[in-house]
Amino acid sequence: MKVNRNQATALKGAIEYWNVQGLLDEKTASALQQDIEVVPFDWKRLAKYSFWIALFCIISSVSAALADEVLIELFESIFHAPYIVKCIVSSGLSGIIFWVGIRRRAIHPHKIFSNEAILFVGVVSTACTIYQLGRVLHMESSSFIQLLLFSFIVYGILGFSLRSNLIWLFALLSLGSWMGAQTGYASGGGIYYLGMNYPLRFAFFGGILIAIALLLEKKNWFDYFFRSTLAVGLLHLFISLWMMSIFGNFGVITSWDKIRQIDLFFWSLSFGLASCAAIFHGLRFDNGMTKGFGITFLIINLYTRFLEYFWDSTHKAIVFGLLGVSFWFLGSRAEKIWHLGLSPKKP
């Protein structure tokens, strides 16, 4: 088994612990220890980040090319065709890319990152197809909002049929974008919709995604997309609640400037209760994701409140000193817990 140094330490510690507890005999423990091979460099992580950087560079290259006036004129002369032709060509290109990605995944299932990178290119091409479709149908700016909902349907079907969390992630992002754009248009371009500003709306959106993920957790057909759906829902909920704890349900900065800090206590309390609820769920149902999100954003909540209440009234040297001491304490406690998990107990 080829693992990195940290994983090897954890595995060897576990084998030693099981050997001491009598769960493994000496021969089996020795064989398992010898089977562990430490990889000097984490090539898996390098591959993952390399593909993401490559995709970012490709997108940046295309963006830079489209920003060049000479190239724009060249592209217009080459692609000066009806929108229906562009839509058909783009859809055909998307189909080819997805076919290549599916076939490559079937032949080389272990090449996870490169396969997902190909599917990502297909996702971008599909977005171009949907945009060209809107041009073909002569949609107005308000009607273009419905294309976001159509994108969710298309990406959702592709994600389920291809069993790709990457495509499913874009489906959820398209759904969230549609919700934000649709409520903004329904409110006449105002900040509020049914008395809610944008962060509060996205907090409800995240809560709905979390509820759907937890309700469908035991369904076999949804099992592959459970963690990605739950993660997107938690991100929307906690980031929105964090913003609400700072700005409240205000959409205009002048209104926010006039309020007292105590007026935002309800949102800070809601943020803290949501974090505690996530921690309780993670401990109760052994869900590392909800527990991790709860602990992380509970700490963010506490530090945010600390800066809000003491930044103006306390000398900055004291503020940063207290922050340094607290982070040092937090790191030492985390390091101690980590070593407890790796060190085998003596009989």
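Among the residues of segment 119-172, those identified as among the polar types (S, T, N, Q) and touching a Leu at 6+ places or on another chain (Cβ under 9 Å) are Ser125, Thr126, Thr129, Ser143, Ser151, Ser164. The condition of being under 30 Å from Gln7 (Cβ atoms), among the small types (Gly, Ala, Ser), modelled with pLDDT under 60 and out of contact with any Phe, Trp or Tyr (no Cβ under 7 Å at 6 or more places or on another chain) holds for Gly341.
Quickly run through segment 213-248 and pick out the residues that are outside any helix (DSSP H, G or I) and surrounded by fewer than 17 Cβ atoms within 10 Å (Cβ to Cβ). If the condition is that a residue be outside any helix (DSSP H, G or I) and surrounded by fewer than 17 Cβ atoms within 10 Å (Cβ to Cβ), then Leu216, Glu217, Lys218, Lys219 are the ones that fit. So which pairs qualify, if the first residue must be in segment 17-34 and in contact (Cβ under 8 Å) with a residue 12 or more places away in the chain and at negative phi, the second must be loosely packed, with under 13 Cβ neighbours inside 10 Å and assigned to a loop (DSSP other than H, G, I, E, B), the Cβ gap must be under 6 Å, and the two must be at least 6 apart or on different chains? Pairs that qualify, where the first residue is in contact (Cβ under 8 Å) with a residue 12 or more places away in the chain and at negative phi and the partner is loosely packed, with under 13 Cβ neighbours inside 10 Å and assigned to a loop (DSSP other than H, G, I, E, B), are Val20/Pro347. Looking at segment 186-203, which of its residues are out of contact with any helix residue (DSSP H, G or I) (no Cβ under 6 Å at 6 or more places or on another chain) and farther than 25 Å from Ala231 by Cβ? Residues satisfying the conditions are Ala186, Ser187, Gly188, Gly189, Gly190, Ile191, Tyr192, Leu194, Gly195. Of all residue pairs spaced 6 or more apart or on separate chains, those with beta-carbon atoms under 6 Å, a first member in segment 101-116 that is within 14 Å of Asn165 (Cα to Cα) and a second member that is of a type in the set (A, V, I, L, M, F, W, C) and modelled with pLDDT under 80 are Phe113/Ala47; Phe113/Phe51.
Looking only at residues of segment 27-50 that are touching a helix residue (DSSP H, G or I) at 6+ places or on another chain (Cβ under 7 Å) and over 30 Å from Ile118 (Cβ atoms), we find that the one that is modelled with the lowest pLDDT is Val38.
Among the residues of segment 272-296, write down those that are at pLDDT below 90 and aromatic (Phe, Trp, Tyr). Phe285 - this is the single residue of segment 272-296 that is at pLDDT below 90 and aromatic (Phe, Trp, Tyr).
Set side by side, the residues Ala203, Ala213 differ, and just one is over 18 Å from Leu169 (Cβ atoms) and not charged (D, E, K, R), which is Ala203.
The values are calculated or read from the model by the stated rules, or taken from the named source; none is laboratory data. In this text, all values refer to a predicted model and were calculated from it rather than measured experimentally. Cβ coordinates were reconstructed from backbone atoms using ideal geometry, including for glycine residues, and neighbour counts include every protein chain displayed.
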